[in-house]
Amino acid sequence: MKFRLHFAKFLSPPLILVGGFLLIIAIGTVLLMLPISNQSGMHLAFIDALFTSTSAACVTGLVVVDVGTTFNLFGQFVIMVLMQLGGLGFMTMATLFALVLGKRISLKDRLLLKEAINADSMEGIVRIIRKVLIFSFTIEGVAAVILALRWATEMPLGQAVYYGIFHSVSLFNNGGFDLFGNSFQYYTGDWIFNVTASVLVVSGGLGFVVLNDLFEYRKRRRLSLQSKLVLSVSGALIGIGAIVLFVFEFTNGHTLASLTWSEKIYASFFQSVSTRSSGTSTIDITEMRQATQFFFILLMFIGASPGSTGGGIKTTTFLIMIGAVYAMIRGNKDIVFFRQRVPKELLMRALTIIMVSLIIFMIVVMLLLTTEDAPFLSLMFEAASAIGTVGLSVGVTDELTNWGKIIITFTMFVGRIGPLTIAYALRPRKEKKLYRHPEGRIIIG
């Protein structure tokens, strides 16, 4: 016991988070490999089990085997649990069990929770987690009932209930997994499914801090700057994405052209919502025009919001960089949103996240171009989907070589944990410098 405590104090919160996700992925890989998880009753190949476990735990949704036909109920249950753990975070779920058992949440645990949900302080962190858990399970439960009632009209009641639960967990956690084989293309014009699924995806992608802020809005009658920025940029990106898809695919006979006006609107809106991190679709992504696919790459790279179930560089990171460009063009020294100034440290962090993510993205694309025989744009799409933990694919995933699967597996892990978290976990501890170097002048532009 003393050794464990002595050893634990040398582990930073980022390192524990990385190790925790690796442990979850390892356990999921072993379970999915077992014959009891597969309909064939045979072992699944290690690389396929690892890929699927990583995709589920990192709530991505990219698959190299069909979930509905490859895995039995036990295997699908394992995937659902992995999505729940990966979406809410293993520390959040551990807190749930601690609260149920009446255990005390230690200072070390609070530091981990702060890191896990990207909160700016530990103040009230357990209270926030408790509300987030209640809110999350309530949303998933209500949506599961709605989806089950919808699907009960076309399948046995037991199967409809199971499908409702599985897809509610998948959509809320932005998991991207489905049991239909072609995502949700049967429900392009179904308003019940489109509304329910969109609410699930948006709720999961807003971030736990924002969810708590919205939860307390009636009492406080105000939103934090974080919530205002997240809601504004999320709404803008969803709207822009829907308009771009509607315009570019309006005359495409393989996507929107053959649909009614209401179906066109449903499909455009849902696909814009899904592209942010959900990875599900109601139209055939492979048949989209290249211009639309390229725009989707940009949306997937941006991803969801901080502390959410989604990935990407995050909406606030993107908005801070837009604010920096605007401030520079206007000749302003400060980045200002809603009459509040953004600290310079956040600008440096945002720039670091974007540059590191962009470098990783370029390296992944170059490696895939070396190992895979597929069009350049398709491999770019695959890499963006993996690093943004989105899960959309243009038909490349199931044709990946073993090396390609390894590359995408690593990319999904980095995308879910975040490049900075991994960097912080691996960097050696150093003493802070008590001095600053002299300022130098450099000409740019």
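The values are calculated or read from the model by the stated rules, or taken from the named source; none is laboratory data. It should be emphasised that the depicted structure is a prediction, and the values quoted were computed from it without experimental measurement. Counting neighbours? That spans all protein chains shown, and the Cβs are built from the backbone with ideal geometry, glycine included. Side chains are part of the model used for accessible areas, which takes the heavy atoms of the whole protein and leaves out ligands, DNA and RNA. Shrake-Rupley method; radii C 1.70, N 1.55, O 1.52, S 1.80 Å.
Among the listed pairs K228/K314; K131/K219; K314/K344, which have their C-alpha atoms separated by more than 21 angstrom in this model? Write out the running numbers ahead of the final one.
On the way: K228/K314 15 Å; K131/K219 14 Å; K314/K344 18 Å.
None, as every Cα separation is 21 Å or less.
For segment 181-289, give the magnitude of the charge dipole about the Cα centre (Cβ charges: +1 Lys/Arg, -1 Asp/Glu; no others), in debye to the nearest 20. It would help to have the intermediate numbers written out before the result.
Values: 9 positive and 7 negative charges, 152 e Å.
The calculated dipole for segment 181-289 is roughly 740 debye.
Given points 7 Å out from each Cα along the Cα-Cβ axis, report the R349 to A45 separation in nanometres with one decimal.
Reported label-point gap for R349 and A45 is 4.2 nm.
Among D398, D284, what's the order by accessible area (1.4 angstrom probe), most exposed first? Spell out each step's value before the answer.
Working: D398 100, D284 50 Å².
The ordering from most to least exposed comes out as D398, D284.
Once both labels are modelled 7 Å past Cα along the beta-carbon direction, what's the F135-Q185 spacing in nm?
Result: 3.6 nm between the two label points.
Short version: ³J(HN,Hα) in whole Hz for each residue of segment 363-375, in order, from phi by Karplus 6.51 cos²θ - 1.76 cosθ + 1.60 (θ = phi - 60°), x for Gly and Pro, what are they?
My calculation for segment 363-375 gives 5, 4, 4, 4, 5, 5, 5, 7, 9, 10, 10, 8, x Hz in order.
Pop out the ³J(HN,Hα) list for segment 147-164 in order, Karplus 6.51 cos²θ - 1.76 cosθ + 1.60 with θ = phi - 60°, rounded to Hz; leave Gly and Pro as x.
5, 5, 5, 5, 7, 5, 7, 9, 8, x, 4, x, 5, 5, 5, 5, 4, x
How compact and how long is segment 339-381, expressed as Rg and Dmax of its alpha-carbon atoms in Å?
15.9, 51
Segment 246-305: D in µm²/s via Stokes-Einstein (Kirkwood Rh, Cα pairs, 25 °C, 0.890 mPa s)?
Values: Rh = 11.6 Å.
Result for D is 211 µm²/s.
Just the number, please: carbon plus sulfur as a percent of the accessible area of segment 186-250, 1.4 Å probe, no ligands or DNA/RNA counted. Walk me through the numbers on the way to the answer.
Values: 2020 of 2970 Å².
Using a 1.4 Å probe with all protein chains present, segment 186-250 comes out at 68 percent carbon and sulfur.
Pop out the Kirkwood hydrodynamic radius of segment 175-318 from its pairwise C-alpha distances, inverse of mean 1/r, in Å to one decimal.
Values: mean 1/r = 0.0641 Å⁻¹.
About 15.6 Å for segment 175-318.
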